[in-house]
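*Asks:* Here's a structure for you.
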Amino acid sequence: MLCDFHTHSILSDGSLSPLELIYRSLSNSYKTIAITDHAGIGYLDRIIREITLGCAFARSKWPISAIPGIELTYVPPAAIHEVAKRAKELGAWLVVVHGETVVEPVEKGTNKAALSCPYVDILAHPGLITKEEAQLAASNGIYLEISARKGHSLTNGHVARLAIEAGAKLLLNSDAHDPDDILTLPLARQIFIGTGLTEAQYEETVLANSQSFSDALLKKNL
């Protein structure tokens, strides 16, 4: 069963409604899906409220753990702590921060600010992350993402290597925006093995980390 903690619906720049995204994921053998639409400070309340309602409805009708989250995108590094804290107060079960991917102009310092924040759970597509940042992720228990998304995935090997060296936890996420982005079990395995890590590390990361993170979120919020 798959767990995916980074996806987007029509509430930001995805093409599917939250419920369709959840059901299509269930049909692809997902056990857990987090809806993490892009947001900044101005519309945080509305998006988290709508995601929360959709996820609660899905959990009541289908055998999938649908988790309400948010991806803080193009939030100035100095404001990440404040906005991430506000997102949790509004009901987001997890906070993802849009990292310094090499294919978009993300403000320098975003990775470090996110990895220093106790309200952030995942640093998405962190790009050319530094050794210091990987160590910060490890010490603060923040997950680093292996991304299935085109462009963002260019630095997966670099991220995986530094994470393993630092002892930071990895997750494999789809960053899905469209139906074709939803993962399958064979594709998830191929993407992870493509980073240069082993089958054993795949099982430890994709299976063990995903399962324990999902269980912790459900225990804390239900």
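*Asks:* Within segment 189-222, which residues are in contact with a helix residue (DSSP H, G or I) (Cβ under 6 Å, 6 or more places away or on another chain) and either at pLDDT 95 or above or outside any helix (DSSP H, G or I) (or both)?
*Replies:* The answer is T195, G196, L197.
Yes/no matrix, rows are residues, columns are (1) over 19 Å from I70 (Cβ atoms); (2) among the small types (G, A, S); (3) over 15 Å from the mean Cα position of the chain (by Cα):
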residue: C3; (1), (2), (3): no, no, no
residue: H6; (1), (2), (3): no, no, no
residue: S9; (1), (2), (3): no, yes, no
residue: R24; (1), (2), (3): yes, no, yes
residue: I33; (1), (2), (3): no, no, no
residue: G40; (1), (2), (3): no, yes, yes
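*Asks:* Collect the residues in segment 93-108 that are in contact (Cβ under 8 Å) with a residue 40 or more places away in the chain, more than 11 Å from D37 (Cα to Cα) and among the aliphatic types (A, V, I, L, M), keeping them in residue-number order.
*Replies:* L94, V102, V103
*Asks:* Next up: Look through segment 22-43, keep the residues that are in contact with a strand residue (DSSP E or B) (Cβ under 7 Å, 6 or more places away or on another chain), outside any helix (DSSP H, G or I) and of a type in the set (V, I, T), and return whichever of them is farthest from L218 (Cα to Cα).
*Replies:* Once the filter is applied, the top-ranked residue is T36.
*Asks:* Right, something else. Going by the conditions given, is A163 among the hydrophobic types (A, V, I, L, M, F, W, C), in contact (Cβ under 8 Å) with a residue 24 or more places away in the chain, surrounded by 24 or more Cβ atoms within 10 Å (Cβ to Cβ) and under 28 Å from G91 (Cα atoms)?
*Replies:* Values: among the hydrophobic types (A, V, I, L, M, F, W, C): yes; in contact (Cβ under 8 Å) with a residue 24 or more places away in the chain: yes; surrounded by 24 or more Cβ atoms within 10 Å (Cβ to Cβ): yes; under 28 Å from G91 (Cα atoms): no.
In short, no.
*Asks:* Could you tell me whether P76 is more than 19 Å from S25 (Cβ to Cβ) and not charged (D, E, K, R)? Explain how you work it out, then say what you get.
*Replies:* On the way: more than 19 Å from S25 (Cβ to Cβ): yes; not charged (D, E, K, R): yes.
Spelling it out, P76 is indeed more than 19 Å from S25 (Cβ to Cβ) and not charged (D, E, K, R).
*Asks:* I need the full set of residues from segment 154-210 which are of a type in the set (S, T, Y) and farther than 12 Å from L2 by Cβ, in order please.
*Replies:* Across segment 154-210, the qualifying residues are T155, T195, T198, Y202, T205.
*Asks:* Still on this structure, please answer the following. Consider T52 carefully, then state whether it is β-branched (V, I, T) and within 17 Å of the chain's Cα centre (by Cα).
*Replies:* Judged against the criteria, T52 is a match.
*Asks:* List pairs: first residue in segment 180-200 and within 13 Å of R149 (Cα to Cα), second residue of a type in the set (S, T, N, Q) and part of a loop (DSSP other than H, G, I, E, B) anywhere in the structure, Cβ distance under 8 angstrom, at least six positions apart or on different chains.
*Replies:* Once the first residue is within 13 Å of R149 (Cα to Cα) and sits in segment 180-200, its partners that are of a type in the set (S, T, N, Q) and part of a loop (DSSP other than H, G, I, E, B) give D181/S174; I182/N28; I182/S174; L183/N28; L183/S174.
*Asks:* Across segment 14-36, what is the total count of residues that are in contact (Cβ under 8 Å) with a residue 60 or more places away in the chain and either on the phi > 0 side of the Ramachandran plot or small (G, A, S) (or both)?
*Replies:* Going through segment 14-36 one residue at a time, the tally reaches 5.
*Asks:* Can you pull out the residues in segment 30-45 that are crowded, with 18+ Cβ neighbours inside 10 Å and closer than 12 Å to V83 by Cβ? Give the steps one after another, and end with the answer.
*Replies:* First, the residues of segment 30-45 that are crowded, with 18+ Cβ neighbours inside 10 Å: 30, 32-39, 44.
If the condition is that a residue be crowded, with 18+ Cβ neighbours inside 10 Å and closer than 12 Å to V83 by Cβ, then A39, L44 are the ones that fit.
The values are calculated or read from the model by the stated rules, or taken from the named source; none is laboratory data. Here the structure is a predicted model, which means the values were calculated and not measured. When we count neighbours, we look across all protein chains shown, and the Cβ atoms used for this are built from the backbone with ideal geometry, even at glycine.
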